[in-house]
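Encoded as structure tokens, the structure appears first; notes follow it.
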Amino acid sequence: MAKRIHPKYIFVVGGVMSSVGKGVTAASIGRILQSKGLRVTAVKADPYINVDAGTMNPTEHGEVFVTEDRDETDQDIGNYERFLNANIYSVNYMTTGRVYDTVIRKERNLEYKGACVEVVPHIPEEIISRIQAAQRESKADVTIIEVGGTVGEYQNILFLEAARMMRTRYPDDVCFMLVSYLPIPERVGEMKTKPTQSAARTLNAAGIQTDFIIARAAHALDRKRQEKLAIFCGIPTDHAISAPDIDMIYKLPQVLEKQQLGDKLLKQLKLKPRRTQMQNWNTMVARAVHSTRELRIAVVGKYFGTGDYTLSDSYISVIEALKHAAWAQHRKPVLTWIDSEAYEKHPSKAVELKRYDGVIVPGGFGTRGVEGIIKAIQYVRKQKIPYLGLCYGMQLAMIEIARHEAGLKQANTVEMAPYAKHPIIHINPKQSENIKLNRYGGTMRLGAFRCKLKPGTKAYQAYGRNEISERHRHRYEFNNNYRVALEKAGVVFSGMNPDQDLVEIAEYKPHPWFVGTQFHPEFKSRPLEPHPLYLAFVKACIKASK
Ligand code: GLN
């Protein structure tokens, strides 16, 4: 057993601009320290007022990542789970809204004992106590705190103030890392350090001297610029770490470890250097790199003309889960996003789905594009193309089968048609009330629920167990009044929630692999532990492609 150490904290802040990969950097540092035998956890502090990410539009903000314990969080929590190969809980996630909410509630409860409650110090103190609660909860040796946003904006200043206060309180146990962007203007053709110098100074204005700079850029940092950053930003030269663009995020721990970032961090935090053991991570990356045979998957949904960037952010866990499973089978997943609205106008276009090894309908909300999705499902079901329906993808599959195989032509979800003649997918009274009263925040069926599997089914085969637990995020459910009708039409309800008698997994028996889940298996997929259902889907796709 390693000797207990005083808790250490690494703050990761962003410079120059957003989207430079702060989350993946924080997660990669975690992976490195973990591989040195330390207990690591990661915290995300987001500047927005929303109490959670559940009420934000995923096409603008990215995926809503659901934790085991029912929290609707930022997609970075998903990165932490995937890199650390561990569950991250609600205690590790905060927003400005959540912090203020607690402080105001405490004030109302007289918990400040008559004091005048002020923005400073009470808000940073609440932030600190949340960081420490996350540390305690996972007994972490090292807690990595990613501060959302970029230095210099007003929004995250109280998180930086909390960080500054922590450094003053625990000078040997807190360190800072500025993940910054170094542009290479086309006209000039060389990497510019000035914006990063400016970011480091802005951080100085908040009372914080960074210890490390992660230099994100299209190319590697050269010696000259490394020295420049060191001089102008006040760090040792070897603390300017190069992080050039990479084609796969899972390579980042290796890129950073090549520069001994792990040991440099330990030294900074007054810990002894330790041997790094990244064998299984390296094996996973090598397998991914060598997986060149393509697996073509179509993802059908209602998509805006926002381009791949936003889409890949909105469905990041699905995409990553597919990668994990495909790599495990030595395949390279190639995803094509198909806008279902096209099938509404031209149903015959669905034949294009024949070109794919498998089709996924991911989670979704609302009415747009839904009839097009149903057309796509009908086609893949009839053509025996492997199908994985995730949440909405399962609900719509049941509607499709009800309409075309059970004679229930007017089958629908009440999300689409509140007074549907055959509400195959319905809503429980508690949820109807939530909607009626505009209680949208955090009121869906959220987080982990138990599910009993039926032996002899595809699901059972995939998991190889009687009981599983998976994460949910939905309001509507399969209507049990239609179970018999759908069973007669060829459906097998292979996964049921034993506590509430709810359908969690449904399959179409006369098909080689047609599975829909009410939950989101992707939230539990990890690069080192691909998800069993995704694995089974990928195997079915490979088989179908032969
Ligand atoms: N809109 C559906 C529901 O709320 C499905 C949700 C989802 O796909 N996550 O039940």
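Among the criteria (1) under 28 Å from Pro512 (Cβ atoms); (2) outside any loop (DSSP other than H, G, I, E, B), the one Asn481 does not fulfil is (1). Of all residues in the stretch 439-453, those satisfying the criterion of being free of Cβ contacts under 8 Å to residues at least 60 places away in the same chain and within 16 Å of the ligand (Cβ to nearest atom) are Arg439, Thr443, Arg445. Restricting the stretch 454-480 to residues that are among the aromatic types (Phe, Trp, Tyr) and over 29 Å from Asn412 (Cβ atoms), the residue that is nearest to the ligand (Cβ to nearest atom) is Tyr463.
Applying the condition of being assigned to a helix (DSSP H, G or I) and charged (D, E, K, R) to the stretch 506-530 and asking which residue is farthest from Val361 (Cα to Cα) yields Lys524. Filter the stretch 371-391 down to the residues that are surrounded by 24 or more Cβ atoms within 10 Å (Cβ to Cβ) and either within 12 Å of the ligand (Cβ to nearest atom) or among the charged types (D, E, K, R) (or both), then identify the one that is farthest from Tyr476 (Cα to Cα). Per the stated criteria, the residue is Ile373. Taken over the stretch 496-522, the criterion of being closer than 22 Å to Arg296 by Cα and within 16 Å of the ligand (Cβ to nearest atom) is satisfied by Val515, Gly516, Thr517, His520, Pro521, Glu522.
For the stretch 126-177, a tally of residues being of a type outside the set (Asp, Glu) and part of a strand (DSSP E or B) returns 12. When Ile316, Ile338 are screened for being farther than 30 Å from Ala286 by Cα and either β-branched (Val, Ile, Thr) or within 16 Å of the ligand (Cβ to nearest atom) (or both), only Ile338 passes. A search for C-beta distances below 8 Å between a residue of the stretch 455-476 that is under 16 Å from Asp71 (Cβ atoms) and of a type in the set (Val, Ile, Thr) and any residue that is modelled with pLDDT of 95 or more and more than 16 Å from the ligand (Cβ to nearest atom), counting only pairs 6+ apart in sequence or on different chains, returns nothing.
Among the residues of the stretch 341-365, the ones that are within 26 Å of Thr55 (Cα to Cα) and more than 16 Å from the ligand (Cβ to nearest atom) come to 1 in all.
Yes/no matrix, rows are residues, columns are (1) farther than 17 Å from Lys267 by Cα; (2) in a strand (DSSP E or B); (3) not charged (D, E, K, R):
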| position | (1), (2), (3) |
| --- | --- |
| Met17 | yes, no, yes |
| Val24 | yes, no, yes |
| Gly37 | no, no, yes |
| Arg70 | yes, no, no |
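Tell me yes or no: at least one residue of the stretch 83-92 is touching a Ser or Thr at 6+ places or on another chain (Cβ under 7 Å), crowded, with 20+ Cβ neighbours inside 10 Å and among the small types (Gly, Ala, Ser). There is no residue in the stretch 83-92 that is touching a Ser or Thr at 6+ places or on another chain (Cβ under 7 Å), crowded, with 20+ Cβ neighbours inside 10 Å and among the small types (Gly, Ala, Ser). Scanning the stretch 278-323 for residues that are at pLDDT 95 or above, aromatic (Phe, Trp, Tyr) and under 14 Å from Gly363 (Cα atoms) returns no hits.
To keep it simple, each residue is scored yes or no on (1) crowded, with 16+ Cβ neighbours inside 10 Å; (2) within 15 Å of Tyr9 (Cβ to Cβ); (3) modelled with pLDDT of 95 or more; (4) of a type in the set (A, V, I, L, M).
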| residue | (1), (2), (3), (4) |
| --- | --- |
| Glu161 | yes, yes, yes, no |
| Arg187 | no, no, no, no |
| Ile213 | yes, no, yes, yes |
| Gln226 | yes, no, yes, no |
| Ala243 | yes, no, yes, yes |
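The numbered conditions (1) crowded, with 24+ Cβ neighbours inside 10 Å; (2) over 23 Å from Asp245 (Cβ atoms); (3) polar (S, T, N, Q) are all true for Thr59 except (1).
One residue alone among Val538, Val503 is β-branched (Val, Ile, Thr) and not in a strand (DSSP E or B), and that residue is Val538. Listed by position, the helices (runs of 4 or more DSSP H) contained in the stretch 247-332 that have at least 1 residues being surrounded by fewer than 16 Cβ atoms within 10 Å (Cβ to Cβ) are 252-258, 261-268, 279-290, 307-314.
Only one of these conditions is not met by Gly490: (1) over 19 Å from His324 (Cα atoms); (2) within 16 Å of the ligand (Cβ to nearest atom). Which number is it? Going through (1) over 19 Å from His324 (Cα atoms); (2) within 16 Å of the ligand (Cβ to nearest atom) one by one, Gly490 breaks only (2). Whenever a residue of the stretch 140-158 is free of Cβ contacts under 8 Å to residues at least 24 places away in the same chain, it has no partner that is assigned to a loop (DSSP other than H, G, I, E, B) and among the small types (Gly, Ala, Ser) lying with C-beta atoms less than 8 angstrom away and at least six residues away or across chains. The conditions of being part of a helix (DSSP H, G or I), touching a residue at least 12 places away in the same chain (Cβ under 8 Å) and over 26 Å from the mean Cα position of the chain (by Cα) are not met by Pro183.
When the stretch 432-458 is filtered for residues that are of a type in the set (S, T, N, Q) and loosely packed, with under 15 Cβ neighbours inside 10 Å, the ones remaining, listed by number, are Ser432, Asn438. Is it true that some residue in the stretch 337-348 is within 22 Å of the chain's Cα centre (by Cα) and of a type outside the set (S, T, N, Q)? Yes, there is a match, as at least one residue in the stretch 337-348 is within 22 Å of the chain's Cα centre (by Cα) and of a type outside the set (S, T, N, Q). If you go through the stretch 197-220 and keep only what is of a type in the set (A, V, I, L, M) and under 15 Å from Thr25 (Cβ atoms), you end up with Ala199, Ile213, Ile214, Ala215, Ala217. Scanning the stretch 209-231 for residues that are of a type in the set (Lys, Arg) and over 28 Å from Thr168 (Cα atoms) returns Arg216, Arg223, Lys224, Arg225. When the stretch 395-413 is filtered for residues that are within 11 Å of Gly364 (Cα to Cα) and within 8 Å of the ligand (Cβ to nearest atom), only Gln395 remains.
Arg368 meets all of the listed conditions (1) out of contact with any helix residue (DSSP H, G or I) (no Cβ under 6 Å at 6 or more places or on another chain); (2) closer than 22 Å to Tyr482 by Cα; (3) within 16 Å of the ligand (Cβ to nearest atom) but one, namely (2).
The values are calculated or read from the model by the stated rules, or taken from the named source; none is laboratory data. Values in this document were obtained by computation on a predicted structure and should not be read as measured data. All Cβ positions, glycine included, derive from the backbone under ideal geometry; neighbour counts span all protein chains shown.
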